[in-house]
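None of the figures in this text is laboratory data; all of them are computed from the coordinates on show. What you are looking at is a predicted structure, and each value in this text was computed from that prediction instead of being measured. Here the Cβ positions follow ideal geometry from the backbone for every residue, glycine too, while neighbour counts run over all protein chains shown.
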């Protein structure tokens, strides 16, 4: 639906979010999560987590609920927040196991996906969150190059790609050390 101040889609620049608006909303949601005693952890997912944001990217935010809190109450409070503070116009739910993914559509067409995780199930998975390290090189362990080669060969035999191994063994450690390439 085109708002009344837009004569046509071609002349309306206010109906769709900008990347700056998206980042303001993301920052507000993260700030709200930090201030919410019902939330014990939060993580960016999707393109933001993978450093692949573009003009069309949505917001994907995972929230870990405190073990003492009722899931339905926290979800209701966050739903009210999205409608009240960020002009949500609709939402739908996708459930996977005990995790609820609530997908919001904002008035400015930005999609905000908020997933609500029970405390015991909130964790990072995937090569983006892993750093490969070892205790190799000590007197009782194999030499460092030999041990790493054996570990990498094992990972490949288990279906881990060379690109994923490179990420876990090179890219992620460099990022942690501030040595971004």
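Grab the beta carbon distance between residue 158 and residue 107, set R0 = 35 Å, and tell me the FRET efficiency rounded to 0.05.
On the way: r = 46 Å, r/R0 = 1.32.
FRET efficiency, residue 158 to residue 107: 0.15.
Springs join every pair of Cα atoms under 10 Å in this Gaussian network model of the chain, and among 86, 144, 44 the largest mean-square fluctuation is at 144. Note on the chain: Cα Rg divided by 2.2 N^0.38 Å, N the number of residues, gives 1.34.
In percent, how large is the relative contact order of the chain, given Cα pairs closer than 8 Å and 6 or more residues apart?
Working: 206 pairs, mean separation 29.7, N = 181.
Normalised by residue count, the contact order of the chain is 16 percent.
Ellipsoid fit via the Cα gyration tensor, region 19-121: semi-axes of 21, 15, 13 Å, each the root of five times an eigenvalue, largest first.
Computed over region 76-151, the range of Cα coordinates on each principal axis works out to 62, 26, 18 Å, biggest value leading.
Using a/c under 1.5 as the rounded threshold, could you call region 127-176 rounded, prolate or oblate? The axes a ≥ b ≥ c are square roots of the C-alpha gyration tensor eigenvalues, and prolate needs a/b larger than b/c, oblate otherwise. Working shown, then result.
Details: a/c = 2.78, a/b = 1.37, b/c = 2.03.
Taking the square roots of the gyration eigenvalues as a ≥ b ≥ c, region 127-176 is oblate.
Multiplying the residue separation of residue 143 and residue 177 by 0.36 nm and removing their Cα-Cα distance gives an extension gain of 9.9 nm.
Computed over the chain with a Gaussian network model linking Cα atoms closer than 10 Å, the most mobile of 139, 43, 88 is 139. Of 69, 113, 54, the residue with the greatest mean-square motion in the GNM of the chain, using alpha carbon springs below 10 Å, is 54. For the chain, the longest principal axis of the Cα atoms and the long axis of helix 144-157 meet at an angle of about 50 degrees. Applying 1/(1 + (r/R0)^6) with r as the Cβ-Cβ distance of residue 92 and residue 129 and R0 = 25 angstrom yields a FRET efficiency of 0.35. Working from Cα positions, state the angle (0 to 90°, nearest 10) between the long axis of helix 71-86 and the longest principal axis of the chain. Taking Cα atoms only, the helix is inclined about 60 degrees. A helix-only calculation puts the chain at -10000 deg cm²/dmol for mean residue ellipticity at 222 nm, using -39500 (n - 2.57) for each DSSP H run of at least four residues, averaged over all residues. Can you compute the FRET efficiency between residue 68 and residue 31 using 1/(1 + (r/R0)^6), with r the Cβ-Cβ distance and R0 = 22 Å? Round to the nearest 0.05. Computed FRET efficiency for residue 68 and residue 31: 0.50.
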